[in-house]
Amino acid sequence: METEVTSEIADKDFLQTIKNLGIDGFLETSDVAFAQFFWKKDEVRSAPLVSAVVWLLLATRQGHSSILLKRLSDNPGLFLGKDQNVLAERLPVFDNWNGLLRGNPAVGLPGSLTDQPLVIADGRFYFRRAYEQEVNIADKIQELTSYSEIPEQKEQKDEIKQRLTELFDESTASHWQKAACLNALSRKLTVITGGPGTGKTYTVLRIMALLAEMDSAGEERIVLAAPTGKAAARVRESVINGLELLNLPDEIVNKIPRDAKTLYRLLGARQPGAQFRFNKENPLPYTTVIVDEASMIDLSLMNRLLEALDDDARLILLGDKHQLSSVEAGSVFADICGIEPENVIDEPFSRFAEEAGGSIDADYVKTNVSDLQKSIIQLTHSRRFDANSGIGRLAASIKSGNDKDVIKMLKNPELTGDVIWAGTGTKALQHFIRDKLNEQYQYFSGSAEPIEKLKKAGEFQILCAHKRGKNGVSDVNALCEQMLGIGSVTERWYPGRPIIMTRNDYNLQLYNGDTGLCVGKPDGTLEVIFEQFDPKTKELVIRKLPPSGLVHELEACWALSVHKSQGSEYDTVVLVFPENVSHVLTRELFYTGISRAKSRLIIVGDEEIIRHSVRKVTERYGGLKGMLGWGN
């Protein structure tokens with residue numbers, strides 16, 4: 001479809017179209033403001049430019065860092081999550097969009113002036129900031145992957161071999177875990193990807209132990225981080241529990257971090273909107289930076305992290321490329337992993353692995369392996385789910401996009417075992433959550449020790465695909481409180497109320513994703529308890545705060561969104577689908593939701609909604625994957 005807007009009347013009609021879309025609720029107020037900003041500048045005013053800017057704003061809210069102008073012209077609904085028909089009909093697109101925008105003073109090309117707010121690169125239309133972030137990330141990743149220094153002395157290799165023998169068993173699952181350790185010793189970038197239970201944290205704990213033991217000069221400084229408070233708490237728990245089993249000498253244990261910081265805390269965020277303390281000019285004081293749940297990192301935050309790395313530091317990223325990407329724009333971890341990860345190594349690393357105690361099949365040795373491919377290790381053997389696990393088999397079918405197999409499994413309990421398809425509707429949900437909900441509430445509001453109450457929260461969790469609407473988080477939280485006979489608009493706080501932080505509170509040093517519990521005190525007043533790490537004692541402690549100081553940054557979490565649950569695991573998970581199809585329902589969301597369950601999974605949802613979720617793949621448009629050499 002080609003739209004021409006040439007006359008003064010047409011110009012006015014075009015701008016009014018944008019305003020009307022805002023009045024009708026299809027555009028945000030900020031969208032209209034952006035459109036007016038460009039429209040008022042005589043030297044750049046044009047319908048193709050302003051329309052492209054509005055489309056780009058819409059796409060950015062869907063997680064894209066850019067729009068492909070040609071694809072958008074051919075399919076206006078491509079970048080929209082909702083209201084596709086209305087916007088596709090009322091917001092213009094142009095056949096020769098690329099050509100119409102080139103030469104506009106507001107639009108730059110790669111390598112052009114930095115004062116141009118918009119960029120066209122390889123047919124992609126960007127806000128300059130997002131384009132520069134992708135370029136910076138690609139440059140830094142390529143810089144990291146270009147470094148390789150394999151230990152050459154036999155004494156070093158013998159020592160590594162001895163350490164690996166002590167740290168790992170001889171199971172098949174450990175082969176690539178050992179390879180990840182060797183990779184971390186010889187490269188500045190190691191990317192460890194794998195599904196639930198494949199041992200990513202298990203492996204990185206051993207990497208830290210190996211680095212600490214090999215640090216004869218006492219120079220190694222390791223830090224552990226994650227994108228959210230909830231993810232940081234989970235990896236911290238795994239490391240603390242894992243350290244107890246390794247039986248390492250105290251001097252080695254003391255070099256291994258038992259705390260895990262949020263990325264904002266790691267980078268030194270002091271208040272919203274402020275510059276981070278650590279940056280290009282003031283790099284992080286660590287030799288090894290390890291980030292768990294890296295699939296949650298958005299474009300802007302990854303750029304900040306890479307900029308803050310010291311020139312000599314190594315970076316280790318852990319994640320599952322099949323999980324949900326970040327809430328904000330970008331799919332950085334998936335872009336780094338590129339095509340479906342396949343372990344490939346080159347001859348020098350193969351020889352190193354053989355001499356240092358690794359066990360890698362010759363089939364994985366390839367020629368012409370890119371530096372980035374050499375940096376990626378995929379873990380495939382799940383220690384959590386055996387071959388007969390219903391959750392594990394269901395996860396595999398979802399990843400493959402086989403909706404027929406998924407439904408077949410759900411309809412045949414003998415095929416799933418630990419998975420129950422409860423059907424759909426509020427009554428089905430109530431039936432399957434009533435007993436567990438009551439059990440949790442009685443325990444939360446009872447006389448157990450605070451630390452035990454917080455542990456209880458890890459046994460059972462309701463997860464919702466949507467935050468709002470029917471069967472969304474707000475709706476199900478209200479249902480839970482109604483079933484328990486507690487809570488109201490006027491009585492927000494009550495003993496036993498589980499809560500989650502929804503924003504960073506820098507003054508209280510509580511961060512997005514931190515979870516806590518409201519409990520009663522002997523004098524009848526209430527307090528909110530959080531489990532936090534004490535850097536002085538290097539132990540987990542209970543922090544107590546009055547509810548009055550936590551009014552605006554938290555919400556109840558009887559139910560959580562799947563997004564908020566990333567980085568966590570629970571014994572039993574109830575996954576609740578909405579009643580209608582939406583853009584939120586994707587294969588990645590379904591996979592992420594079920595992979596939070598360790599022992600038992602209950603699914604509440606309609607068959608067609610489930611099928612849709614399996615078939616729909618999240619596709620985020622940006623240029624980073626191509627910049628990293630994977631192709632577009």
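The values are calculated or read from the model by the stated rules, or taken from the named source; none is laboratory data. The model shown is predicted, which means the values in this text are computed figures rather than measured ones. No Cβ is skipped: glycine too gets one built from the backbone with ideal geometry, and neighbour counts run over all protein chains shown. Accessible surface is based on the protein model in full, side chains and every heavy atom, while ligands, DNA and RNA are left aside. Shrake-Rupley method; radii C 1.70, N 1.55, O 1.52, S 1.80 Å.
For the stretch 438-496, what are the residues that are open to solvent by 60 Å² or more (accessible area, probe 1.4 Å), more than 14 Å from Cys557 (Cα to Cα) and part of a loop (DSSP other than H, G, I, E, B)?
Hits for the stretch 438-496 are Ser447, Glu449, Lys470, Gly485, Val489, Thr490, Glu491.
Inspect the stretch 342-365 for any residue being within 13 Å of the chain's Cα centre (by Cα) and at positive phi and give the result as yes or no. Break it down stepwise before answering.
Here is the first cut: in the stretch 342-365, the ones within 13 Å of the chain's Cα centre (by Cα) are none.
Within the stretch 342-365, none of the residues are within 13 Å of the chain's Cα centre (by Cα) and at positive phi.
Pairs please, first residue from the stretch 246-263 and closer than 18 Å to Thr287 by Cβ, second anywhere and surrounded by 14 or more Cβ atoms within 10 Å (Cβ to Cβ) and among the acidic types (Asp, Glu), Cβ atoms under 7 Å, 6+ apart in sequence or on different chains.
Taking only residues 6 or more apart or on different chains, the pairs are Ile252/Glu213; Lys255/Asp215; Lys255/Glu220.
If you scan the stretch 27-59, which residues turn out to be open to solvent by 50 Å² or more (accessible area, probe 1.4 Å) and in contact (Cβ under 8 Å) with a residue 60 or more places away in the chain?
Answer for the stretch 27-59, where residues must be open to solvent by 50 Å² or more (accessible area, probe 1.4 Å) and in contact (Cβ under 8 Å) with a residue 60 or more places away in the chain: Lys41, Glu43.
So Ile500 fits all but one of (1) crowded, with 20+ Cβ neighbours inside 10 Å; (2) without any contact (Cβ under 8 Å) to a residue 12 or more places away in the chain; what number is the exception?
Here Ile500 clears every test but (2).
Does the stretch 155-175 hold any residues that are part of a helix (DSSP H, G or I) and hydrophobic (A, V, I, L, M, F, W, C), and which are they? I'd like the intermediate steps shown before the answer.
Pass one, the stretch 155-175, residues part of a helix (DSSP H, G or I): 155-167, 174-175.
Matches in the stretch 155-175: Ile160, Leu164, Leu167.
Against the condition in a loop (DSSP other than H, G, I, E, B) and not acidic (Asp, Glu), how does Pro48 come out, does it pass?
Numbers: in a loop (DSSP other than H, G, I, E, B): no; not acidic (Asp, Glu): yes.
It is false that Pro48 is in a loop (DSSP other than H, G, I, E, B) and not acidic (Asp, Glu).
Would you mind stating whether Gly338 is open to solvent by less than 20 Å² (accessible area, probe 1.4 Å), touching an Asp or Glu at 6+ places or on another chain (Cβ under 8 Å) and either under 22 Å from Glu152 (Cα atoms) or in contact (Cβ under 8 Å) with a residue 60 or more places away in the chain (or both)? Break it down stepwise before answering.
Details: open to solvent by less than 20 Å² (accessible area, probe 1.4 Å): yes; touching an Asp or Glu at 6+ places or on another chain (Cβ under 8 Å): no; either under 22 Å from Glu152 (Cα atoms) or in contact (Cβ under 8 Å) with a residue 60 or more places away in the chain (or both): yes.
No.
Are there any pairs, at least 6 apart or on different chains, whose C-beta atoms fall under 9 Å, with the first in the stretch 574-591 and more than 20 Å from Thr426 (Cβ to Cβ) and the second assigned to a loop (DSSP other than H, G, I, E, B) and among the acidic types (Asp, Glu), and if so, which?
That search, which allows pairs on different chains as well, returns Tyr591/Asp320.
Checking the structure you have, find out if any residue of the stretch 257-266 is among the aliphatic types (A, V, I, L, M), at pLDDT below 90 and in a loop (DSSP other than H, G, I, E, B). I'd like the intermediate steps shown before the answer.
Of all residues in the stretch 257-266, those among the aliphatic types (A, V, I, L, M) come to 260, 263, 266.
Pick out the ones that are also at pLDDT below 90 and you get none.
Looking through the stretch 257-266, none of the residues is among the aliphatic types (A, V, I, L, M), at pLDDT below 90 and in a loop (DSSP other than H, G, I, E, B).
Yes or no: Ala269 aliphatic (A, V, I, L, M) and touching an Asp or Glu at 6+ places or on another chain (Cβ under 8 Å)?
Working: aliphatic (A, V, I, L, M): yes; touching an Asp or Glu at 6+ places or on another chain (Cβ under 8 Å): no.
The answer is no for Ala269.
Can you tell which of Arg221, Arg270, Arg234, Arg163 is within 17 Å of Lys538 (Cα to Cα), charged (D, E, K, R), open to solvent by 30 Å² or more (accessible area, probe 1.4 Å) and at pLDDT below 90?
Values: Arg221 fails: at pLDDT below 90; Arg270 fails: within 17 Å of Lys538 (Cα to Cα); Arg163 fails: within 17 Å of Lys538 (Cα to Cα).
Answer to the check: Arg234.
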